Amino acid sequence: MPRATDNDLPPRPAAPRSFATAQVQAGFDSSVAENTAVPAIHQSNGFEFRSLAEARDLFALRKDGNIYSRAANPTVLVFERRVAELEGGIGAAGVASGQAAVAVALLALAKQGEHIVAARQLYGGTVDLLQDTFADWGIEVTFVDQDDIDAWSAAVRSTTRALFAESISNPIAQVLDLGAVAAVARDAGVPLVIDNTVATPYLQRAKDFGADIVVHSATKFLGGHGTSLGGVVVDLGTFDFTAQPERWPQLTQTYRRVPDGSLVERFGETGSPYIALVKTKYVHDLGPSLSAFNAFQLLQGLETLDLRMQRHTESALAVARFLDTNPAVARVHHPGLETSPWHAQAQAYLPHGVSSVFAFDLRTTGDDEADFRLVEEFISRLQVIRLVANIGDARSLVAHPASMTHSHMSRTQLAEAHIGPTTVRLSIGLEDARDIVDDLARALERIGDSADRPRLAESVPS
Ligand SMILES: *Cc1c(COP(=O)(O)O)cnc(C)c1O
């Protein structure tokens with residue numbers, strides 16, 4: 001049977017597995033249970049113990065095995081092992097959402113009175129978490145422009161316990177100089193935590209550039225079909241928590257939940273003490289567990305990750321090139337375009353293709369109200385691309401950050417994130433790229449006729 005509490009990967013095959021093989025096979029041992037060829041949905045809250053003696057050993061973490069699905073579930077375990085292998089990690093924790101992944105990943109590193117340095121260009125929900133909820137809990141966060149490496153260094157304090165950024169930020173697809181930020185983290189003696197949601201391990205293995213921990217909203221590309229929320233935290237095994245043990249008492253000092261010793265002593269050789277902490281404390285206590293059913297759906301999605309990402313990125317680049325030539329468009333924020341300030345970074349960090357989540361600005365009228373009407377009209381004309389607050393879906397999706405995902409941000413925060421009133425976000429799906437381009441071309445057609453706005457308003461289809 002799969003084991004609940006250990007988080008080491010099953011033995012590797014003799015030859016190293018390539019990405020495409022790992023995304024289909026990693027983590028699953030078909031000899032377990034009913035020898036299903038595909039991971040089964042273990043939809044069971046609890047697991048039956050053979051004896052009270054066995055239950056006692058399992059609860060004391062002396063023995064590995066399944067206890068209760070809030071802490072660990074065999075279907076979730078396959079998902080964890082598969083993502084860990086794709087990211088090159090030593091262990092992973094599957095959780096209920098990306099939001100939960102970010103929260104538990106950082107809570108396991110920083111507690112009250114400690115400090116985190118984070119990029120300013122983060123997902124809105126993460127900004128809320130760090131700015132409001134972490135502040136309530138006495139964890140201070142300094143936000144820096146992710147491209148300003150000196151600002152990262154300057155923000156580090158003796159109480160800093162993590163650096164946090166997204167490898168590709170949204171909506172305007174800024175590509176992080178991961179190597180430079182990783183160097184700051186190394187100097188500071190703290191782990192670099194990377195939200196790799198938009199890139200996925202197919203476009204970027206953050207470990208190759210110096211990240212220590214990766215988190216994902218598996219809701220997005222890993223699942224890929226817009227059906228299931230999920231998140232995952234991966235320990236890449238690169239950060240040595242024993243180098244300055246006094247900084248990490250939660251890992252290096254006696255942990256009451258394992259007998260006789262610390263998590264480093266219990267799991268240091270065989271797995272990830274950090275993931276054990278995430279699971280046995282934060283997921284256990286706060287309860288954001290991934291359901292077996294969602295883990296099953298995320299596994300289904302993972303099996304086609306490389307194929308989907310190839311289509312997503314190729315189509316997105318074609319769409320970006322089309323938009324770049326359209327007279328109604330002022331600017332396209334896509335790092336695959338030579339004109340993007342992040343083009344060089346994209347080439348260095350995203351060898352398999354660039355983000356399929358990106359934004360563009362419609363040509364502004366100079367008047368906010370008129371700009372909003374313009375965007376409204378444009379979005380109402382789209383037929384293939386759907387107005388949905390999600391990304392990484394098989395469907396192409398559109399969003400208007402200023403009135404949706406980023407609506408509670410101040411004007412300064414919006415400007416810092418390069419979001420204007422006419423900024424439109426796209427997540428390019430798996431449809432035929434020609435249909436997506438045609439859809440945009442149709443929707444932009446009369447809007448491009450900017451010399452004559454009054455007629456434009458009259459021509460809106462009723
Ligand atoms: C969506 C998203 C999250 C939050 O994930 P949920 O699964 O919606 O909770 C975190 N980070 C990034 C980059 C995201 O896109």
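Extension gain, Lys111 to Glu445, is 114.9 nm, computed as 0.36 nm per intervening residue step minus the present C-alpha separation. Remark on Ser289: its backbone amide H falls under 5 Å from those of Ala96, a criterion applied only to residues 5 or more positions apart or on other chains, H modelled at 1.01 Å from N.
Rounded to the nearest 10 degrees, the angle from helix 292-302 to the longest Cα principal axis of the chain is 60 degrees.
Return, ordered by residue number, the residues of segment 237-279 whose backbone nitrogen is under 20 Å from a label point located 7 Å along Cα→Cβ of Phe59. Counting backbone N atoms under 20 Å from the label point, the list is 255-261, 279.
Using θ = phi - 60° in the Karplus curve 6.51 cos²θ - 1.76 cosθ + 1.60, the 3J(HN,Hα) couplings for segment 334-341 round to 9, x, x, 7, 4, 7, 6, x Hz; x is entered for Gly and Pro. Could you give the distance between the Cα centres of segment 31-89 and segment 189-257, to the whole Å? Spelled out, the Cα-based centre of one part sits 21 Å from the other. With the crude spin-label approximation of a point 7 Å out along Cα→Cβ, what separation in nm comes out for Leu52 versus Ala370? With each label point 7 Å from Cα toward Cβ, the separation is 8.1 nm. Globularity index of segment 56-301 is 0.95 (Cα radius of gyration / 2.2 N^0.38 Å, N = number of residues). With angles folded into 0 to 90 degrees, how steeply does helix 74-87 sit against the dominant principal axis of the chain? Use alpha carbons for both and round to 10. It works out to around 60 degrees. Packing, as the average of other Cβ atoms within 10 Å across residues, places the peptides 257-265, 44-52, 364-372 in the order 257-265, 364-372, 44-52, highest first. Provide the net charge surrounding Val258, with neighbours chosen by a C-beta distance below 9 Å and charges set as Lys +1, Arg +1, Asp -1, Glu -1. Surrounding charge for Val258 is +2. Note on Ala318 and Arg17: their simple-model spin labels are 3.2 nm apart, each label 7 Å out from Cα toward Cβ. Shown in residue order for segment 223-231 are the 3J(HN,Hα) couplings computed by the Karplus curve 6.51 cos²θ - 1.76 cosθ + 1.60 at θ = phi - 60°: x, x, 10, x, 10, 9, 6, x, x Hz (x for Gly and Pro).
With helices as the sole contributors, the chain gives -9500 deg cm²/dmol at 222 nm; each DSSP H run of n ≥ 4 counts as -39500 (n - 2.57), and the sum is divided by every residue. For Ala330, the residues whose modelled amide H falls within less than 5 Å of its own, excluding neighbours fewer than 5 places apart on the same chain, are Asp361, Leu362, Arg363.
Couplings for segment 278-283, taken from phi via the Karplus curve 6.51 cos²θ - 1.76 cosθ + 1.60 with θ = phi - 60°, read 4, 6, 7, 10, 6, 6 Hz in order; Gly and Pro are left as x.
Relative to the longest principal Cα axis of the chain, at what angle does helix 305-324 sit, 0 to 90 degrees, rounded to 10? That helix lies at roughly 20 degrees to the long axis. Taking max minus min of the alpha-carbon positions on each principal axis, the chain gives extents of 81, 51, 38 Å, largest first. Here the dipole of segment 305-452 is about 320 debye; that uses its Cα centre as origin and unit charges on the Cβ of Lys and Arg (positive) and Asp and Glu (negative). The largest-to-smallest principal axis extents of the Cα set in segment 32-149 are 54, 32, 23 Å.
Hey, quick one: spin label on Ala243, modelled 7 Å out along Cα-Cβ, who in segment 157-187 has an amide N within reach, i.e. under 11 Å? Only 183-187 fall inside the zone, counting backbone N under 11 Å. Between Met404 and Asp150, the contour length at 0.36 nm per residue exceeds the Cα-Cα span by 88.2 nm.
On the beta carbon distance between Arg256 and Ala330, with R0 = 60 Å, the FRET formula returns roughly 0.55. The three principal axes of the C-alpha atoms in segment 305-452 carry coordinate ranges of 42, 33, 27 Å, sorted with the longest axis first. Around the amide H of Asp195, modelled in the peptide plane, lie the amide H atoms of Ala165, Glu166, Ser167, Val215, all under 5 Å away and 5 or more residues distant in sequence or on another chain. At full extension, Leu286 and Gln300 could sit 2.3 nm farther apart than now, given 0.36 nm per residue minus the alpha carbon distance.
Since every read-out is calculated from the coordinates, none of them should be taken as a lab result. Keep in mind the model is a prediction, meaning the values are calculated, not measured. Reconstructed Cβ throughout: ideal geometry from the backbone, glycine too, with neighbour counts over all protein chains shown.
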